[in-house]
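J.: Just dropping this structure here.
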Amino acid sequence: MTLSLAGQTVAITGAARGIGLAIARAFLDAGADLLALDLDAATLTELQKEASGRVTTRAVNVADHAALRDAVADHPIDHLVCAAAIGSGKTGFPFWSLEPSDWSRVLDVTLMGVVNTVHACVPALLSGETTRKSVLILSSVAGQIGSQTDPPYSASKAAVINFAQLAAKDFAPYGIRVNALSPGMVKTELNRSVYAASKEATTMSYEEWAEEKIRRVSPMGRWQEPAEFGAMAVFLASDACRNLTGQTLNVDGGQVMHS
Ligand SMILES: NC(=O)c1ccc[n+]([C@@H]2O[C@H](COP(=O)([O-])OP(=O)(O)OC[C@H]3O[C@@H](n4cnc5c(N)ncnc54)[C@H](O)[C@@H]3O)[C@@H](O)[C@H]2O)c1
């Protein structure tokens with residue numbers, strides 16, 4: 001069994017910060033080259049400096065399929081990780097406190113951004129020897145529990161699990177695997193935006209809110225670290241998982257236990 005990905009190229013959306021950045025660094029540690037994609041071009045440049053010559057960066061909006069196609073054109077891709085996503089930035093509980101128009105922007109990025117990305121990468125994924133290739137889509141516990149916090153985000157994350165399953169079936173004849181990785185709670189900008197939109201933001205600090213929330217929802221009672229998703233993403237791309245496809249792996253301290 002080897003977790004070395006030397007000589008392989010990994011395309012990652014949302015690579016500029018948070019979980020996507022941690023995944024990018026883990027793939028670099030495993031010896032892979034990167035095609036790092038994000039809206040945030042300036043931060044991508046920082047990643048490029050960390051491993052000169054092994055990171056290609058492209059500033060791109062995953063909601064824009066044509067731009068994605070241009071960004072990945074003629075670039076080899078052995079593994080693809082879709083981490084870019086957004087929430088509504090509003091409290092959705094109850095769901096009718098959001099307008100249907102609040103849903104469009106979230107679905108455009110968090111659901112269609114994944115479909116656009118995988119679709120744009122199909123030519124690269126299907127070219128050459130395909131049997132060691134893989135796709136990993138970041139979902140969320142929210143997509144499995146009907147989370148009331150941000151309904152368009154929750155529904156998008158459920159949809160990408162379903163998309164991972166159907167894409168796993170479509171790619172299986174080529175030996176290409178597709179899985180979903182589902183974080184519980186990680187202290188990133190995205191998580192801070194959930195706090196900022198909550199009614200508790202007026203009475204509690206972020207750290208107080210975070211401490212109370214993690215104890216309430218997670219059996220393990222601890223926040224996940226971005227690096228834990230880097231380790232899992234490398235493992236899922238490796239030969240150790242060559243028969244693993246169409247699955248959703250929860251790295252969430254036991255928050256979701258049903259399948
Ligand atoms: N943080 C958590 O607690 C948590 C929990 C469950 C799932 N997730 C999932 O993990 C993934 C990473 O989340 P994070 O917490 O690191 O978020 P983050 O907000 O810290 O980072 C998201 C990255 O995606 C990029 N991005 C956003 N919109 C984009 C677009 N339209 N085009 C290209 N890039 C875009 C941002 O610039 C940023 O670099 C997401 O899919 C998220 O839904 C996070």
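The values are calculated or read from the model by the stated rules, or taken from the named source; none is laboratory data. All values derive from a computational prediction rather than experimental measurement. Cβ sites come from the backbone with ideal geometry, for glycine too, and all protein chains shown count toward neighbours. Side chains are part of the model used for accessible areas, which takes the heavy atoms of the whole protein and leaves out ligands, DNA and RNA. Shrake-Rupley method; radii C 1.70, N 1.55, O 1.52, S 1.80 Å.
J.: With the structure loaded, tell me whether His75 is over 28 Å from Gly184 (Cα atoms) and of a type outside the set (Gly, Ala, Ser) or whether it fails that test.
T.: Yes; evaluated as a whole, the condition is true for this residue.
J.: While we're here: Tell me which residues, restricted to segment 37-53, are within 12 Å of the ligand (Cβ to nearest atom), open to solvent by 80 Å² or more (accessible area, probe 1.4 Å) and charged (D, E, K, R).
T.: Matches in segment 37-53: Glu46 only.
J.: Within 12 Å of the ligand (Cβ to nearest atom), in contact with a strand residue (DSSP E or B) (Cβ under 9 Å, 6 or more places away or on another chain), part of a helix (DSSP H, G or I) and open to solvent by 20 Å² or more (accessible area, probe 1.4 Å): is that true of Gln144 in this structure?
T.: It is true that Gln144 is within 12 Å of the ligand (Cβ to nearest atom), in contact with a strand residue (DSSP E or B) (Cβ under 9 Å, 6 or more places away or on another chain), part of a helix (DSSP H, G or I) and open to solvent by 20 Å² or more (accessible area, probe 1.4 Å).
J.: I've got another one for you. Can you tell me which residue is nearest to the ligand (Cβ to nearest atom) among those in segment 190-205 that are assigned to a helix (DSSP H, G or I) and open to solvent by 50 Å² or more (accessible area, probe 1.4 Å)?
T.: Looking at the filtered set, the residue picked out is Leu190.
J.: Something else now. Scan segment 177-192 and report the pairs whose first residue is under 25 Å from Thr245 (Cα atoms) and touching a residue at least 24 places away in the same chain (Cβ under 8 Å) and whose second residue is in a strand (DSSP E or B) and within 6 Å of the ligand (Cβ to nearest atom), with Cβ atoms within less than 6 Å and a gap of 6+ or a chain change.
T.: Leu181/Leu138
J.: Could you say which residue among Asp74, Asp33 is of a type in the set (Asp, Glu), closer than 19 Å to Ala16 by Cα and free of Cβ contacts under 8 Å to residues at least 60 places away in the same chain?
T.: Exactly one of Asp74, Asp33 is of a type in the set (Asp, Glu), closer than 19 Å to Ala16 by Cα and free of Cβ contacts under 8 Å to residues at least 60 places away in the same chain, namely Asp33.
J.: Here's something else I'd like to know. Kindly indicate which of Thr9, Thr13 is open to solvent by less than 20 Å² (accessible area, probe 1.4 Å) and away from the ligand (no atom under 14 Å from the Cβ).
T.: Thr9
J.: Got a sec? Which of Arg58, Arg17 is free of Cβ contacts under 8 Å to residues at least 60 places away in the same chain and basic (Lys, Arg)?
T.: Of the residues listed, the single one that is free of Cβ contacts under 8 Å to residues at least 60 places away in the same chain and basic (Lys, Arg) is Arg58.
J.: Under the condition of being out of contact with any helix residue (DSSP H, G or I) (no Cβ under 7 Å at 6 or more places or on another chain) and loosely packed, with under 14 Cβ neighbours inside 10 Å, which residue from segment 124-141 is nearest to Ser4 (Cα to Cα)?
T.: It comes out as Thr131.
J.: Sticking with this structure for a sec: Within segment 182-189, is there a residue that is open to solvent by 40 Å² or more (accessible area, probe 1.4 Å), not in a helix (DSSP H, G or I) and not aliphatic (A, V, I, L, M)?
T.: Yes; the residues of segment 182-189 include at least one that is open to solvent by 40 Å² or more (accessible area, probe 1.4 Å), not in a helix (DSSP H, G or I) and not aliphatic (A, V, I, L, M).
J.: Right, something else. Looking at Phe235, Phe229, Phe171, can you tell me which residue is open to solvent by less than 10 Å² (accessible area, probe 1.4 Å) and closer than 25 Å to Leu34 by Cα?
T.: Going through Phe235, Phe229, Phe171 in turn, just one is open to solvent by less than 10 Å² (accessible area, probe 1.4 Å) and closer than 25 Å to Leu34 by Cα: Phe229.
J.: Report yes if Phe163 is within 16 Å of the ligand (Cβ to nearest atom), more than 20 Å from Gln255 (Cα to Cα) and assigned by TED's automatic domain parsing to the domain that holds Cys82, otherwise no.
T.: In short, yes.
J.: Could you check, for segment 54-65, whether at least one of its residues is open to solvent by less than 60 Å² (accessible area, probe 1.4 Å), of a type in the set (S, T, N, Q) and more than 13 Å from the chain's Cα centre (by Cα)?
T.: Within segment 54-65, one or more residues are open to solvent by less than 60 Å² (accessible area, probe 1.4 Å), of a type in the set (S, T, N, Q) and more than 13 Å from the chain's Cα centre (by Cα).
J.: Would you be able to say whether some residue in segment 208-220 is over 18 Å from Gln255 (Cβ atoms) and crowded, with 19+ Cβ neighbours inside 10 Å?
T.: For segment 208-220, residues over 18 Å from Gln255 (Cβ atoms) and crowded, with 19+ Cβ neighbours inside 10 Å: absent.
J.: OK, next. For Ser88, which of the numbered conditions (1) near the ligand (Cβ under 10 Å from one of its atoms); (2) closer than 16 Å to Ala63 by Cβ; (3) surrounded by 19 or more Cβ atoms within 10 Å (Cβ to Cβ) fails to hold?
T.: (1)
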